[in-house]
Every structure is written in C-alpha cells, then in structure tokens.
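The values are calculated or read from the model by the stated rules, or taken from the named source; none is laboratory data. Predicted, not measured: the structure shown is a model, and the values here were computed from it. Don't worry about glycine lacking a Cβ; one is built from the backbone with ideal geometry, like all the others, and counts go over all protein chains shown.
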Amino acid sequence: MKLLQEGRLEEAERAFLEALSESPAHAPSSVQLARVYSRSGRIEEARTTLENALEKRPGGIVLLNELGSLLIEAGKPAEARTIFERAASVDPKSPRARAGLAESIGETGDLEGALAALDEAKALDVRHPALDVYRATVEAQLGRPAEAVEILEKVIASSPDAPGAQRLLGLLAYSLNRDSVALEVLTKVLARDPADSEARVTLGKVFFRRADYENARLAFERVLEDDETNGPARLYLGEIARSELRFEDAVQHYAKVSSADARRGEAEALGKLGRYDEAGKAIQAALALETEPRARARTLYLLGVLRSERGETESALEALAAAKENDPHHTETRYLLGTTLARLDRSGEAREELDAFRSLKLFEERKGKLEIAILERPSEADSYRPLIELYLEFGRGAEALPYLEKALSLAPEDAGLLELSARIREGSLRC
C-alpha cells in the first residue's frame, strides 16, 4: 500500500504479484495490483486482474466494487452497471455499490434513473456522503444548481471532509453568483489539491467577475504552468488583457483557443487595433462555429459595430438586422440600430428601436434584482412568482417556464402559480 501511495509503481507491482503467487485468492492484493495497473494506464490488465480474482471469489464485494469503478473510469458505464448490480445483490446496503450503481446509470445519460437508484438506496436506509454528493451532481446536471447546493451544504455540515463535496459546492456557488461562498470553498479545495485546474479556473472566474484582474491573472497563469493548452484560462487572460486595453496581448491569447467566444473576443481586439480585415475573418470564423441564436446575435452585433466604424452604414444595418432577428432582446443591438437609424434621419424606425432599448434595459434591471431574491430563498415558491410575473408583463412568458416549473415543484397546488401557468400556456397558443 505504501509503495502505491508513494508512486513506486514497479516495486508495488512486484510486491503484489508475489503476494498473489502465495495466496491467489487474496482479494486485497488483487485490488491493489489492479490499482497499480490502472495508474500505469494498463486498464485491460487491471480489468483482467479483477475478473480473475472474481472467478475465485464470485461474491467478493470489494472486488466487484473495484471492477465497477474501473469500468466507469474507462468510459464503460453500461458494463459497470451490470457489475454494480451484482455487488448490490451481494450486499444491498453497500454504500459504494449503491453509489456506483447510480453513477453508472447516470453516465449512460439516464439522470432520472440515477436519481431513482439513489432513492432506492435511501429507502433501504443506506447512508453515506458519497451518495448525497452524487445526488447533488445529478441535480446540477439537470439544471437545478440551487437544489444541489442545498444538498452539499448539509453534507459538509455533517461531514466536512466528504470527498468532492466542497469542490462541487465551490463550482456550483460560482454558477449561482454566490461569489463569497465560491471564493472561500475553492481556496480550501486548492489548498488540498493545487493541481485541480477546474477549481483554479473557477476561482479565477470569481476574481474576474469581481474585477480583481490581478488575482484573476495569477490564477489563470498558474493553470497554464501545468497545462499550456487550457482553453478557459487562455480565454480569460485574453478577456483581462482586452479589459486593460492591451489588445495585442489579448489577440495572442485568443489565437490559442479554438472556440466561438475566442474568435469573437479576437475580432473585438483586432477591431480596436484598426485591423478590420482580420477582425472580419475572426467574426466569420465565430459565426461558422455558432448555432445558438443568442450567441450568433452577439457576433452579428459585433460585425455591425465593425462595419459602422468603417463607415459602411448600410452593411452595418444589415448585420444589426440579422442580430435582431436572432435575438430581439439583445439590448446593445437595439441601441446601435436606433442611433444608426437616427443618423440617417429615419426617425420613426429610430424611435421604435430606442424605445425597445429602454424597455429592455428596464427589464434587465428588474430581472437582476428578482434573481437575487431567488438566490436568497431558493426553496420558497413565492420567491419565484415576481420574476415569472415580470416575464409575462414584458410578453416573454415562455422564458419564465424554468422558474415556473421549479416553483410548482415546491408548491404544486398553489392557485396563484397555476394561474400563471395558464397565462403562459394561453400566450404560447396565441403565438
């Protein structure tokens, strides 16, 4: 065991092979030898070792759990599920078997099935932090991060050292704009594992969102020390450079990332440098990568900006009209359309666009405040109602559906929520 912990894999392999030659049915030696092979990238040998051991001990719960975990790591969740089902039949209350069974189901894409497996474990009174942490993982994947955070906070309150709980909490807290929590938790995670690049990138994002560019830069540069190709770190270093008007540096960072966001940022930096032809090529590259309408709208808006700066007013209007078609709620598009039309003395159209801009700005300001209220009381159905009503007020009821579904899950018989649901359905039918 010590040899394996110290990374002395060749010595560990010899030791465990010798132990198995003396006691071929010794399950712990088989498990440790399989781990040596796995850490060496010899996955098939690890699998064979465990399968051979299971021939001698078909009901070996430790062997079954180890093989199931190996198969999940090898990207074979369907095979892992069969193994964990065997393990659960041997010991129905094995936390590792139950957690592995749920994860193997979830890894096949059946997230609801994974929750059902976790519910089954709970019904059998199988308790372990790993089960709760995986439940939080599934909730997050289902688009319910607030629920996931609630679960993780309870896990950490009772089991502060639960593997993965703090890490996942930090990542989710960032996604919920709970930056103080994310900062505190991710700092602890990185103190334990400085090489956790995802945690460090997320910490950098927290600093970036707080406009603490110095600490953000240090975080992203630390990631690149271990992985020069880390796309998110490079992208954010480009964003920092652009925000600090270091456009040449920004272009160099963006150029090393293969994503639509990088091409869009590169185009904006090139435009600030007056390199319009290169900027145009970057925009076209971004549009070739984008399929989601809102993302395309942002890029088309940028194209409109570049054309406007070059004095190509009519082609700028074409780009802005395309941006508006992809996302009529993009505030910057409506503002630039309005001001451009005003310069052309097309006052009626300009007024319409600027009125739309003011309405969108008002909507965004009110929405931001109501979203904060939800984050403060995520488990109370009433906290969702004002935001749903705001969407309806602005004729955007369909966008409120995720909030309505969450509220109804908390209070399925609430008359007010059911009325809001009917109003949204009525609006959809009219459309």
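In summary, ARG200 fulfils each of the numbered conditions (1) basic (Lys, Arg); (2) within 27 Å of ASP227 (Cβ to Cβ); (3) modelled with pLDDT under 95 with the single exception of condition (3).
If you go through region 279-301 and pick out every residue that is surrounded by fewer than 18 Cβ atoms within 10 Å (Cβ to Cβ), under 21 Å from GLY231 (Cβ atoms) and not aliphatic (A, V, I, L, M), you end up with 5. Only one of the listed residues (ALA78, ALA117) is exposed (fewer than 15 other Cβ atoms within 10 Å of the Cβ) and of a type in the set (A, V, I, L, M, F, W, C). That residue is ALA78. Scanning region 235-251 for residues that are among the acidic types (Asp, Glu) and over 11 Å from LEU273 (Cα atoms), we see that the one that is surrounded by the most Cβ atoms within 10 Å (Cβ to Cβ) is GLU239. Among the numbered conditions (1) touching an Asp or Glu at 6+ places or on another chain (Cβ under 8 Å); (2) assigned to a helix (DSSP H, G or I), the only one that THR48 does not meet is (1).
Does any residue of region 156-177 turn out to be polar (S, T, N, Q) and farther than 23 Å from LYS122 by Cβ? Yes, because at least one residue in region 156-177 is polar (S, T, N, Q) and farther than 23 Å from LYS122 by Cβ. The conditions are (1) touching a residue at least 12 places away in the same chain (Cβ under 8 Å); (2) of a type in the set (Lys, Arg); (3) over 30 Å from SER409 (Cβ atoms), and ARG192 fails exactly one of them. Which is it? It fails just one condition, (1). Only one entry of LEU341, LEU375, LEU370 meets the criterion of being closer than 23 Å to ILE424 by Cβ and either in contact with a Pro (Cβ under 9 Å, 6 or more places away or on another chain) or surrounded by 19 or more Cβ atoms within 10 Å (Cβ to Cβ) (or both), and that entry is LEU370. In the set (1) modelled with pLDDT of 95 or more; (2) among the small types (Gly, Ala, Ser); (3) closer than 29 Å to PHE220 by Cβ, the condition left unmet by ALA165 is number (1).
Quick check, is LEU392 within 30 Å of ARG178 (Cβ to Cβ) and not in a loop (DSSP other than H, G, I, E, B)?
Details: within 30 Å of ARG178 (Cβ to Cβ): yes; not in a loop (DSSP other than H, G, I, E, B): yes.
In short, yes.
Could you tell me which of the residues PHE207, PHE247, PHE220 is touching a Phe, Trp or Tyr at 6+ places or on another chain (Cβ under 6 Å) and aromatic (Phe, Trp, Tyr)? First the steps, then the outcome.
Values: PHE207 fails: touching a Phe, Trp or Tyr at 6+ places or on another chain (Cβ under 6 Å); PHE247 fails: touching a Phe, Trp or Tyr at 6+ places or on another chain (Cβ under 6 Å).
The conditions single out PHE220.
Scan region 242-251 for residues that are assigned to a helix (DSSP H, G or I) and of a type outside the set (Val, Ile, Thr) and jot them down. Outline the logic, then answer.
Initially, region 242-251 is screened for residues assigned to a helix (DSSP H, G or I), giving 242-243, 247-251.
The answer is ARG242, SER243, PHE247, GLU248, ASP249, ALA250.
Does VAL206 satisfy the condition of being of a type outside the set (Asp, Glu), surrounded by 20 or more Cβ atoms within 10 Å (Cβ to Cβ), under 25 Å from LYS369 (Cβ atoms) and in contact (Cβ under 8 Å) with a residue 12 or more places away in the chain? Break it down into steps so the answer makes sense when it comes.
On the way: of a type outside the set (Asp, Glu): yes; surrounded by 20 or more Cβ atoms within 10 Å (Cβ to Cβ): yes; under 25 Å from LYS369 (Cβ atoms): yes; in contact (Cβ under 8 Å) with a residue 12 or more places away in the chain: yes.
Yes: the conditions hold for VAL206.
GLU239 meets each of the listed conditions (1) over 24 Å from THR333 (Cα atoms); (2) within 26 Å of the chain's Cα centre (by Cα); (3) in a helix (DSSP H, G or I) apart from (1). Inside region 360-371, can you point out the residues that are without any contact (Cβ under 8 Å) to a residue 12 or more places away in the chain and within 20 Å of ASN177 (Cβ to Cβ)? Within region 360-371, GLU365, GLY368, LYS369 meet the criteria. The residue that is farthest from the chain's Cα centre (by Cα), counting only those in region 400-414 that are surrounded by 16 or more Cβ atoms within 10 Å (Cβ to Cβ) and among the charged types (D, E, K, R), is ASP414.
Annotation note: Cβ proximity below 9 Å between a residue of region 20-37 that is in contact (Cβ under 8 Å) with a residue 12 or more places away in the chain and buried (at least 20 other Cβ atoms within 10 Å of the Cβ) and a residue that is outside any helix (DSSP H, G or I) and charged (D, E, K, R) (sequence gap 6+ or interchain) occurs for SER30/ARG57; VAL36/ARG42.
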